[in-house]
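Encoded as structure tokens, the structure appears first; notes follow it.
The values are calculated or read from the model by the stated rules, or taken from the named source; none is laboratory data. The structure displayed is predicted, hence computed values, not measured ones. Heads up, the Cβs are rebuilt from the backbone with ideal geometry, glycines too, and the neighbour counts pull from every protein chain shown. Note: areas computed on protein heavy atoms with side chains; ligands, DNA, RNA excluded. Shrake-Rupley method; radii C 1.70, N 1.55, O 1.52, S 1.80 Å.
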Amino acid sequence: MSLAADQRAVESLLAFWADAGAEALYADAPIDRLAEGAAMLRAKSQPPPPVAVARPVVSRGPDVGSAVAMAKAAAAACNDLESLAAAIAAFDGCPLKTQGAKQAVFSRGAADAPLMIIGEGPGADEDAQGQPFVGRAGKLLDRMIKAAGLEGRVFITNTVFWRPPGNRTPTPQEQAACAPFVERAIALVKPKMLMLAGGASAKSVLKREEGILSMRGRWFEWVSDDKSIELPAMPTLHPAFLLRTPAQKKKAWQDLLTVTERLDRPERPH
Ligand code: URA
């Protein structure tokens with residue numbers, strides 16, 4: 001037989017076995033597939049090696065109860081926003097203060113604003129500049145505020161005043177330690193309503209567990225700890241989320257328009 005005929009015979013034999021479902025060729029030395037299978041089963045039944053889980057670094061400060069009590073006492077002693085800012089900077093009850101933040105970041109905006117926007121917590125830009133919402137997300141927020149005609153009518157703060165390391169979400173304990181200062185800011189500014197930017201803010205301020213996508217765009221009632229203040233509060237999507245998912249901007253814009261419409265609605269005579 002010629003070489004070409006040999007080649008054709010081999011090809012046709014391989015095609016025959018391939019049609020018959022054979023997918024592998026045997027090696028020169030035998031392979032004990034049963035032993036391989038048993039080894040795989042043994043490996044599977046071993047407990048998996050421990051995996052390093054990234055957990056938020058939460059350093060131990062005072063326990064939450066004492067931190068909240070300290071914050072309440074410090075906040076109650078403040079009769080204006082300047083002394084409140086100083087009291088926050090001097091406060092040692094929030095564990096975030098000792099986790100790498102450069103400074104306390106309290107607020108910006110009009111001291112008598114009818115709308116208070118409460119975000120989650122400072123990021124890198126805010127930590128560097130000492131003011132909330134001054135990074136990319138803040139620029140977007142400012143553009144939205146301006147477009148809604150609310151420029152100069154907004155006071156902006158966060159649920160925590162120190163940058164969480166790595167921009168992680170603040171823990172409920174960290175938020176609880178800062179909450180009396182947020183509450184005092186509300187009492188001093190006396191806004192007509194609150195807007196809560198992002199799930200971490202909405203959950204903490206309203207003490208609710210629902211996700212932001214179900215809470216946004218709805219009115220809730222915020223009641224101060226001592227029950228002396230009641231305000232309408234609307235959760236909305238966080239501007240940093242809008243930067244990542246621009247298709248959602250429409251919803252946040254709708255929320256801001258709803259808030260603006262209520263702010264500008266003439267008050268009914270009592
Ligand atoms: N994100 C927030 O929630 N607050 C800021 O101040 C900045 C970014």
| Looking only at residues in the range 105-137 that are charged (D, E, K, R) and within 7 Å of the ligand (Cβ to nearest atom), which one is farthest from the chain's Cα centre (by Cα)? | Glu126
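Out of the residues in the range 205-245 that are among the β-branched types (Val, Ile, Thr) and not in a helix (DSSP H, G or I), which is farthest from Ala185 (Cα to Cα)?
Applying the first criterion (among the β-branched types (Val, Ile, Thr)) to the range 205-245 yields 205, 212, 223, 229, 236, 245.
Now drop any that are not not in a helix (DSSP H, G or I), which leaves 223, 229, 236, 245.
Numbers: Val223: 14, Ile229: 12, Thr236: 20, Thr245: 31 Å.
This residue is Thr245.
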| request: Scan the range 90-99 and give yes if some residue there is under 18 Å from the mean Cα position of the chain (by Cα) and either within 20 Å of Leu237 (Cβ to Cβ) or without any contact (Cβ under 8 Å) to a residue 24 or more places away in the chain (or both), otherwise no. | output: no
| task | List every residue pair whose Cβ atoms sit under 9 Å apart, with the two residues 6 or more apart in sequence or on different chains, where the first one lies in the range 225-248 and is charged (D, E, K, R) and the second, anywhere, is exposed (fewer than 15 other Cβ atoms within 10 Å of the Cβ). | result | Glu230/Glu221; Glu230/Val223; Glu230/Ser224
| said: With the requirement that a residue be open to solvent by 40 Å² or more (accessible area, probe 1.4 Å), within 16 Å of the ligand (Cβ to nearest atom) and within 14 Å of the chain's Cα centre (by Cα), what does the range 210-244 give you? | reply: Phe241, Leu243, Arg244
| Are any of the residues in the range 144-160 hydrophobic (A, V, I, L, M, F, W, C), in contact with a Pro (Cβ under 8 Å, 6 or more places away or on another chain), within 13 Å of the ligand (Cβ to nearest atom) and closer than 18 Å to Lys72 by Cα? | yes
| query | Looking at the range 261-270, which of its residues are under 14 Å from Trp219 (Cβ atoms) and of a type outside the set (A, V, I, L, M, F, W, C)? | reply | Glu261, Arg262, Arg265
| request: Among the numbered conditions (1) in a loop (DSSP other than H, G, I, E, B); (2) open to solvent by 20 Å² or more (accessible area, probe 1.4 Å); (3) aliphatic (A, V, I, L, M), tell me where Ala113 comes up short. | output: (2)
| said: Being open to solvent by less than 20 Å² (accessible area, probe 1.4 Å), within 30 Å of Glu261 (Cβ to Cβ) and either touching a Leu at 6+ places or on another chain (Cβ under 6 Å) or part of a loop (DSSP other than H, G, I, E, B) (or both) is the filter here; which residues of the range 141-179 pass it? | reply: Ala148, Leu150, Val154, Thr159
| Which one of these does Glu82 not meet: (1) modelled with pLDDT of 95 or more; (2) away from the ligand (no atom under 16 Å from the Cβ); (3) crowded, with 16+ Cβ neighbours inside 10 Å? | (3)
